[in-house]
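Have a look at the structure below, then the notes.
A short reminder: the numbers here are calculations on the coordinates, not readings from a lab. Small disclaimer: the values here were computed from a predicted structure and weren't measured. As a convention, Cβ positions derive from the backbone with ideal geometry for all residues, glycine included, and neighbour counts pool all protein chains shown.
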Amino acid sequence: MTIQLYNSLTRSLQPFESLSPGLVRMYSCGPTVYDFAHIGNFRSFLFGDVLRRFLELMGYRVDHVMNITDVGHMLEGESDKMSQAAERMKENKKSGRVPAGVNVDPNDPYQIAEFYTQAFLEDARKLGYQIAFEYPHRVPKATDHIAGMQRMIQSLLDRGHAYVADDGVVYFSVESFPRYGQLSGNTLDRLQTGAGGRVSEENQARKRHPADFMLWKPDAQHLMKWDSLSGLAYRMFGYGARAIGLRCDRYPHWRRRPHLSASRMRNRSIMRFQRPRFFRAVLATCQILVC
Amino acid sequence: MSKSQGNFFTARDVFEGQVTGNPVHPAVLRFELIKAHYRSNLNFTRKSLSDSAQVVRRFIELRHSLETRAAGKRAEVDLTHPVLSEFVAALADDLNIAGALAVVIPWGQGSHPDAVESLGVWKKINSVLSIAPINEERSEQTDSNADESLRLAETWCRELDAARARKDFTRADEIRKQIQDAGFEVRTNKDGTTIQRMLA
């Protein structure tokens, strides 16, 4: 029987054929764990779950992976989401939403992330979300893959898909990738500069193109920090990608890059996250992306 | 509903009854969230949730009834089975979940002369929907408050039966309403009144 699915690249229904016989590789954008997941989150997760279960009923083996975004998912001009989460944790403890016995230090972002990761998994299992039963094997955490993200950013720099602005921020260059936005439909001619109201004019002026987005940025103020790559002549801090935590080492072009050893790293830096727009293209080896 | 507007509900809020006033079984929330097509909007309402609870209840009861009648026997059913082939054909059409449910729900309500075969079909369907087995025997048995409310409601059931026996139907209706308000579904037949905790 032919399976038809809507392909957001072509904006049309298309017969589905797996790239490998009998095997479907599928990636779901996972939760950002600074609060309890809401039902809108779960609608998207469960859609992926129904798709996976249906493909399995049809006899496919489904290689399903989902990430946990356990670093501050930050927006310019706002405080670190992990700082906000710390405040919320204090409130939740007072109001009893976080049970009294739970011992989480609200000032430790790793403890907060771990608490909400477990809360997410608990809710997800109740809702029959299959992949939550496959944690941690198929549910990698972003913080376990920072080095891979840095390598990917380095690779984008090497290949001219990213550049360093005068304030040390690494941006992805949307013009370097002619097919940018095709999957989401937000192609460059349709994007409106600053429509989200999240980026200051000053920062916009530093970019080559208004739609360029941050990958990594120096910042001393935030809670979670990582060492920068010393191979770069400037400080970096990650505006990494939540999607990229996904087994980037599996992708052939990563394997060819030498791994940076710890001794080559210096400079405390901070991880930030950006929407996984371009990683949808990067992760092309995954046939189904649920974002 | 969106997080940026601040008017969103966490799954926990829904489970714990903070959204609708009644605790919601996770399988009901799952069904509620998957029953609309993935490219359409979902309207999350109390009415819709209560409709979902009906479907989930029927599925759980069907499973119990088929398992009892099948008495441990299993049949391998493949996708050529008429019910499954229609179910799968609907889902193969861009995950047409409404079409799939339009096959499954009437099938569930129909007669099942061959319980073993029907149980095989049921299992395949539920491998996708996954709405009946999850936490079905809720932890309410271990919750002393829940135990207490169940005992109280069962006392009311006997009062309801007594009222019916003396043909005081006004009183019987009052008691029925009282039991429902306490979060139970009420069924009365010639053998008397039975209750089940509402799923949503």
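Once fully extended, how much extra length lies between B:Arg69 and B:Ser127, figured as 0.36 nm per residue of separation less the alpha-carbon to alpha-carbon distance?
That works out to 18.8 nm of additional length.
What list of ³J(HN,Hα) couplings, whole Hz, do you get for the range B:20-30 from phi and the Karplus terms 6.51, -1.76, 1.60, once you set θ to phi - 60° and write x for glycine and proline?
Result, ordered by residue: 10, x, 10, x, 10, 5, x, 5, 5, 5, 4 Hz.
What FRET efficiency comes out for B:Arg187 versus B:Asn96 if R0 is 35 angstrom and r is the Cβ-Cβ distance? Round to the nearest 0.05.
Rounded to the nearest 0.05, the efficiency is 0.55.
List the pairs from B:Lys35/B:Lys123; B:Lys167/B:Lys190; A:Lys126/B:Lys123; A:Lys90/A:Lys126; A:Lys90/A:Lys141; B:Lys73/B:Lys124 whose alpha-carbon separation is above 22 Å, in the order I gave them.
Too far apart for the 22 Å limit: A:Lys90/A:Lys126; A:Lys90/A:Lys141.
Just add up the charged neighbours of B:Ser127: K/R +1, D/E -1, any other residue whose Cβ is under 10 Å from the Cβ of B:Ser127. Provide the component values of the computation, followed by the final result.
Values: positive: A:Arg53, B:Lys123, B:Lys124; negative: A:Glu56.
Once all neighbours under 10 Å are counted, the net charge is +2.
What does the average come to when, for each residue of peptide A:117-126, you count the partner chain Cβ atoms lying within 10 Å of its Cβ?
Taking the mean over all residues of the peptide, I get 3.
Residue by residue through the range A:140-150, what is 3J(HN,Hα) from phi via Karplus (6.51 cos²θ - 1.76 cosθ + 1.60, θ = phi - 60°)? Round to whole Hz and write x for glycine and proline.
3J(HN,Hα) across the range A:140-150, in whole Hz: x, 9, 4, 5, 7, 10, 4, 4, x, 5, 5.
Across peptide B:90-96, how many C-beta atoms of other chains are within 10 Å of each residue C-beta, on average?
Mean number of neighbouring Cβ atoms from other chains: 6.
Amide H to amide H under 5 Å from B:Phe184: which residues, 5+ apart in sequence or cross-chain, H placed 1.01 Å off N in plane?
Residues meeting the criterion, in which the H sits 1.01 Å from N, are B:Met198.
With θ set to phi - 60°, apply the Karplus curve 6.51 cos²θ - 1.76 cosθ + 1.60 along the range B:99-112 and write out the HN-Hα couplings as whole Hz, x wherever there is a Gly or Pro.
x, 5, 5, 5, 8, 6, 5, x, 4, x, 7, x, 8, 10
List every residue whose amide H lies under 5 Å from the amide H of A:Asp63, counting only residues 5 or more places away in sequence or on a different chain, with H placed 1.01 Å from N in the peptide plane.
Those lying under 5 Å, H to H, from A:Asp63 are A:Val24, A:Arg25, A:Met26.
Long-range amide H contacts for A:Phe213: which residues qualify at under 5 Å (H placed 1.01 Å from N, peptide plane, sequence gap of 5 or more or a different chain)?
A:Phe172, A:Val174
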